[in-house]
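Peer 1: One structure, pasted below without further comment.
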Amino acid sequence: MSHPADKTPAENRQLLDEVNRARAWFHAKKTRPVWAKTVEQERIVKTLEGEEKASAGDFLCRGEAGDVWPQRAEGLEARYTATDEVDAEGWRKYQPRPDAKGVCAARVGHPFSVQCGRGRLSGKAGDYVVKDFRDKDVDYPQDVWIVDQELFRATYQAVDD
């Protein structure tokens, strides 16, 4: 039987081992809205943390600071509720779902990178490595990503469990 870490890229394993040993994960929820629109055809999206592939049918999300990232439809719908507000460029406003479980996040004190399903992301000292809250007890989750420290502080709130 293969260990879950066997399918995790080496750079992710090293970082996740560090975060897990330090017991640095904490529960957080998104508090701010995002704007999103459907990706019509596959494309590469330049995010703050690197380049990520977006497939047709995914959503391109835009945060309040103008940061953009791709997200699968099921992820967007699990975390946000669409509003009726649409801007002139076709971006629809989405509010965080009150029943969304949120994420587990850990602040990393040095530059780091992770390989995610959409590409390789790089973080600065102080940025956050993040995983879905459903993976709270998973040492080596299938999906991790990076959130810039300033954006994390502005758009997430720690949750007391």
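Peer 1: Kindly provide the set of residues from the stretch 1-21 that are modelled with pLDDT of 90 or more and either open to solvent by less than 60 Å² (accessible area, probe 1.4 Å) or not in a helix (DSSP H, G or I) (or both), ordered by number.
Peer 2: 12, 15, 16, 17, 19, 20
Peer 1: So, one more: If I ask for residues that are at pLDDT below 95, charged (D, E, K, R) and not in a strand (DSSP E or B), which ones from the stretch 22-39 would you list?
Peer 2: Across the stretch 22-39, the qualifying residue is only 32.
Peer 1: Any idea which of 31, 8 is within 20 Å of residue 156 (Cβ to Cβ) and of a type in the set (Ser, Thr, Tyr)?
Peer 2: 31
Peer 1: Which condition number in (1) touching a Pro at 6+ places or on another chain (Cβ under 7 Å); (2) within 19 Å of residue 122 (Cα to Cα) is the one that residue 39 fails?
Peer 2: Unmet for residue 39, out of (1) touching a Pro at 6+ places or on another chain (Cβ under 7 Å); (2) within 19 Å of residue 122 (Cα to Cα): (2).
Peer 1: Could you count how many residues in the stretch 22-52 are closer than 28 Å to residue 99 by Cβ and exposed (fewer than 15 other Cβ atoms within 10 Å of the Cβ)?
Peer 2: Final tally of qualifying residues: 4.
Peer 1: Going through the stretch 37-86 one residue at a time, which ones are over 14 Å from the mean Cα position of the chain (by Cα) and of a type in the set (Ser, Thr, Tyr)?
Peer 2: Those that are over 14 Å from the mean Cα position of the chain (by Cα) and of a type in the set (Ser, Thr, Tyr): 38, 55, 81, 83.
Peer 1: Then there is this: Conditions first: (1) closer than 19 Å to residue 141 by Cα; (2) at pLDDT below 95. Residue 112 passes all but one, so which condition is the exception?
Peer 2: It is condition (2) that residue 112 fails.
The values are calculated or read from the model by the stated rules, or taken from the named source; none is laboratory data. Being a predicted model, the structure only gives us computed values, none of them experimental. When we count neighbours, we look across all protein chains shown, and the Cβ atoms used for this are built from the backbone with ideal geometry, even at glycine. Note: accessible area is taken over every heavy atom of the protein model, side chains too, but ligands, DNA and RNA are not part of it. Shrake-Rupley method; radii C 1.70, N 1.55, O 1.52, S 1.80 Å.
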